[in-house]
Structure formats: structure tokens, C-alpha cells
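Computed from the coordinates by the stated procedures, all read-outs in this text should not be read as laboratory data. What you see is a predicted model, and the numbers here were worked out from it, not measured in a lab. Cβ sites come from the backbone with ideal geometry, for glycine too, and all protein chains shown count toward neighbours.
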Amino acid sequence: MMELRRFRADLHIHTCLSPCGELTMYPRAVVEKARALGLDIIAVTDHNAAENAAAVGEAAAGTGLTVLPGLELATEEEAHILGLFDPGTDLRPLLAAVYHNLPDVPSKRSFIKDQVIVDAEDGVSGFNPHCLMGATRLTAYQAVGLIHSHGGICVASHIDRGAFSIISQLGFIPPDLALDAVEVSPLLTFDEARAAFGALTPLPLLRFSDAHRPEEIGRATMEFLLAEPRLEEIRKALEGRDGREVRPS
Ligand SMILES: [Zn+2]
Ligand SMILES: [Zn+2]
């Protein structure tokens, strides 16, 4: 049997690719901050896009930090849902489906310059031309289906927030929506979150930073008990299988 280890994780981090992410959120800056905090696993979850995730993973190569590629989808209902994947997952088909369902870029396209695609050495390699700040035309059910069809884990983002959350937009967490977990923002302590939302859903409750600036990285983390930092192990922890666990840290 494989030995289980504790992994401290912040699985909701934006980069300079997100229109609202600070331009200082470059791969090396994200990796340096995560390592300085002693994090073991992070996920790169830009709004409706994922082009920088591989660069952050490359920047972390050899450091012991695991970087999961991901994204934060905005559904038609304007609810945010995180999709988390294993390193190396080819997300191009998923991104093609997302871009196909984004609104057209307004004629005033000055904001596009802020959607910076970078390489592992923090060099600018391009700009994402899509309207990433918009909501997709994907319903919450379609978004969850799309993430699952690419082998991902689905987490409803910041359900305590008054906007852009599944509860603020739908009024409840549909029991037939196949989420794997729900997340609360750092605005609540984990105990406050459990008191407020524990009875609303049987899903595991997570709390991550939703960092848009380097100093926000790691302001909320979870501790996973896993054999290795892989998505399948995280899935087991969310389901409480084979001794894998997740708890606030
Ligand atoms: Zn969000
Ligand atoms: Zn976010």
C-alpha cells in the first residue's frame, strides 16, 4: 500500500491571462510565492481560458510544487465553476468549446491587451483574443458536463459571494448538478462556511484564495492526505475513499 502524505493546496489562482488578474501574476512570480508559503499543489484557473497553466507548470518543474491546469468557467447563468485537471491534459478541445460559446468581442477591444499569454520565463508570447470577461452560453449543466468529459473535477466557485456564484445566480445548489465539491471564499473562516453552507449541500466544502494578486496566493488553503499529487488522488479525497482526506489548513 502506498504511504499517504499531507499536501497543502490552493486550487484557485488566476494569472495575468485573466482580465482582472494583476499583470504581476506571471508564472515565476506565482511559483515563487507558492513555494515561499510552502504550498505543495496549486491550480491555475483563469477566467474561461487556460493558456498560461502549462507555463506555470514549467516554471515549477523541479521545485516540488505541483501545478494543476484548470480554468474558471462563467456559465450562462453567470455562475463560476472551476475545472481542475491533471498536468499534461490537452485542454485545447475544451477551450475550443468554451471560445465557441463566448460572446463576440465588443468593437472596443482595448481590454484584450490585458489578457497576456506568457511562457515559463515570463516572456509575453501573445494575447488571448476572446472576450474572457464575458459569460459563456454554456449552462451550468453543460459546463459541468464539458469539464467531466475532459477528465476534470468540478468545483462551484465562492458560493458565499453575492455575485457570480451558483447560489447567488440560481438561489440554490441543484442536487442533480454533478459537482464534485463547492468552494467558499477567504471572506469566511472554514467554520463560518460550514455553519452557513454545510446543511445546503452534501458536497465537500473547500476554501481557496481566488488570488488575482501575488500577495493573495495561499490566503486560503486545504490540506489533502494523498499518496501523490494527482487528480485521481484528489478525487478520492473528495469522496473520502481509500483513506484519502481533505480538511482545512
Ligand atoms: Zn469567480
Ligand atoms: Zn476566480
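Considering only alpha-carbon pairs that sit under 8 angstrom and 6 or more positions apart, the relative contact order computed for segment 6-80 is 32 percent.
With the charge dipole of the chain set up from +1 on Lys and Arg Cβ and -1 on Asp and Glu Cβ about the Cα centre, the Cα lying farthest toward the positive end among the listed residues Ala49, Thr89, Leu188 is that of Leu188. The slack between Asp191 and Gln169, meaning 0.36 nm per residue of separation minus the straight C-alpha distance, is 5.5 nm. From the square roots a ≥ b ≥ c of the eigenvalues of the alpha-carbon gyration tensor of the chain, which class results: rounded (a/c under 1.5), prolate (a/b over b/c), or oblate? Taking the square roots of the gyration eigenvalues as a ≥ b ≥ c, the chain is oblate.
Here the sum of -39500 (n - 2.57) over DSSP H runs of 4 or more residues, divided by the residues of the chain, equals -6500 deg cm²/dmol at 222 nm, to the nearest 500. Between Thr63 and Glu239, residue separation times 0.36 nm minus the direct Cα-Cα distance comes to 60.5 nm. When only Cα pairs under 8 Å and 6 or more residues apart are kept, what is the percent relative contact order across the chain? So the answer I get is 23 percent.
Bridges between two residues of the chain, per DSSP, are antiparallel at a rate of about 55%.
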